[in-house]
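Here is the structure we will look at.
The values are calculated or read from the model by the stated rules, or taken from the named source; none is laboratory data. Because the structure is a prediction, the values reported are computed rather than measured. Cβ coordinates were reconstructed from backbone atoms using ideal geometry, including for glycine residues, and neighbour counts include every protein chain displayed.
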Amino acid sequence: MGTLLTMSKINRRAFLAASAAAVPMLPVITSSAKATVKSNAKGGPIAISSGNGLPAVTKAVELMRAGSQPTEAVVQGVAIVESNPNDMSVGYGGLPNENGIVQLDSSVMDGPTHKAGAVAAIENIMNPAQVALKVLRRTDHVLLVGDGAKQFALAHGFKAEDLLTDKARKAWLKWKENLNPNDDWLDHDQHIEKDPRQARAEQLGIPYHYGTIHCSALDANGDLGACTTTSGLSYKIPGRAGDSPIIGAGMYVQNEVGSAGATGRGESLMQSCGSFQIVQHMANGDDPTQACLKVLKWIADHTKRKVLLNSKGQPNFGATLYALRKDGAYGCATMRGGAAFTVHDGTKARRERSAFLYEK
Ligand code: ASP
């Protein structure tokens with residue numbers, strides 16, 4: 001086991017002074033070799049996303065260059081992934097719930113106005129992030145759920161569509177036909193080495209994931225926007241909403257500090273207010289990677305049920321956290337072993353490897 005919580009801190013006063021003076025250069029952040037921290041950050045446009053987000057960061061930066069605000073840019077960026085039937089973790093083609101129905105979650109937050117919008121368990125709408133953006137812009141509310149969210153989308157001209165692809169339906173059917181005691185209805189509390197639902201799906205040779213796209217963006221004016229969108233936990237109990245539509249859990253923006261987002265076990269991210277915590281750590285002077293690692297550690301320390309812990313007492317589930325600071329520094333950390341994430345720093349879109357809390 002190797003924790004990576006030893007990275008040096010940015011001096012808080014230096015960070016605040018640099019922000020106040022709108023000077024993009026910050027003190028060089030030293031980090032362990034495994035941590036991904038961009039030092040000498042040069043401001044926006046920049047976008048950071050999950051491993052499946054290469055088209056999203058590319059689009060987001062292109063749009064910001066053309067004058068779009070970051071919030072609009074991230075929503076348009078993730079739309080490419082939402083509409084892709086081959087990404088089974090988001091939008092069209094996403095794996096359905098226990099009843100074979102695709103229910104989607106999404107949230108979006110705009111830095112300059114500090115306004116958020118979100119939808120949870122919405123059905124038949126391919127681009128929930130766009131509906132979340134409508135909630136942000138066209139209502140005085142933050143979160144619409146279920147049928148209300150769908151009716152709201154229809155009222156704004158979205159089309160109702162069948163989002164269940166054949167591939168996702170067949171995977172669900174096989175799942176359904178092989179239901180076993182290791183489902184969400186817990187009747188025991190013992191240490192488990194690996195998420196039992198994941199293990200079962202591997203045995204059946206069907207896809208199973210927590211899986212999602214998060215995208216945070218910073219424009220050349222120093223404004224931030226963020227969006228997270230997902231089909232959520234595969235084969236979930238109908239009506240289950242994860243962290244993605246919950247402001248402060250699946251994503252959070254504080255325009256004067258930075259933006260953060262999360263993918264992975266939504267329950268752990270909701271119970272930690274994970275994205276909110278990341279931004280607060282950055283406000284207190286932590287670099288983005290360090291902020292993500294601190295929250296992962298916090299989650300690990302507050303995971304108490306044996307079914308969520310392996311025999312070493314470590315979380316047996318995955319969570320990946322993303323952070324983008326107002327000066328353009330960014331970072332990503334995952335619970336175990338490192339994960340791919342994507343970034344476009346204004347020069348090119350690429351994949352990078354995240355820091356991690358525990359070795360594989
Ligand atoms: N966080 C999402 C959820 O819990 C899923 C994921 O990101 O893997 O619904």
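Just checking, how many residues over the stretch 192-234 are buried (at least 24 other Cβ atoms within 10 Å of the Cβ) and either more than 11 Å from the ligand (Cβ to nearest atom) or of a type in the set (Gly, Ala, Ser) (or both)?
Of the residues in that region, 12 qualify.
Of the residues Ala132, Ala149, Ala171, only one is among the aliphatic types (A, V, I, L, M), surrounded by 13 or more Cβ atoms within 10 Å (Cβ to Cβ) and at pLDDT below 95; which?
Working: Ala132 fails: at pLDDT below 95; Ala149 fails: at pLDDT below 95.
So the residue among Ala132, Ala149, Ala171 that is among the aliphatic types (A, V, I, L, M), surrounded by 13 or more Cβ atoms within 10 Å (Cβ to Cβ) and at pLDDT below 95 is Ala171.
Taking the stretch 260-277 as the search range and keeping residues that are more than 8 Å from the ligand (Cβ to nearest atom), outside any helix (DSSP H, G or I) and under 11 Å from the mean Cα position of the chain (by Cα), which one is farthest from Gly51 (Cα to Cα)?
Taking the candidates together, the pick is Ala260.
Report those strands (runs of 3 or more DSSP E) wholly inside the stretch 297-348 carrying at least 1 residues which are surrounded by fewer than 18 Cβ atoms within 10 Å (Cβ to Cβ).
Correct list: 340-344.
Of everything in the stretch 53-73, what is more than 17 Å from Gly43 (Cα to Cα) and in contact with a Cys (Cβ under 8 Å, 6 or more places away or on another chain)? Give them in sequence order.
Passing the criteria: Gly53, Ala56.
Quick one: count up the residues across the stretch 235-259 that are in a loop (DSSP other than H, G, I, E, B), touching a His at 6+ places or on another chain (Cβ under 9 Å) and within 14 Å of the ligand (Cβ to nearest atom).
Of the residues in that region, 2 qualify.
If you go through the stretch 165-180 one residue at a time, how many are within 17 Å of Ser89 (Cβ to Cβ) and in contact (Cβ under 8 Å) with a residue 60 or more places away in the chain?
The qualifying residues number 7.
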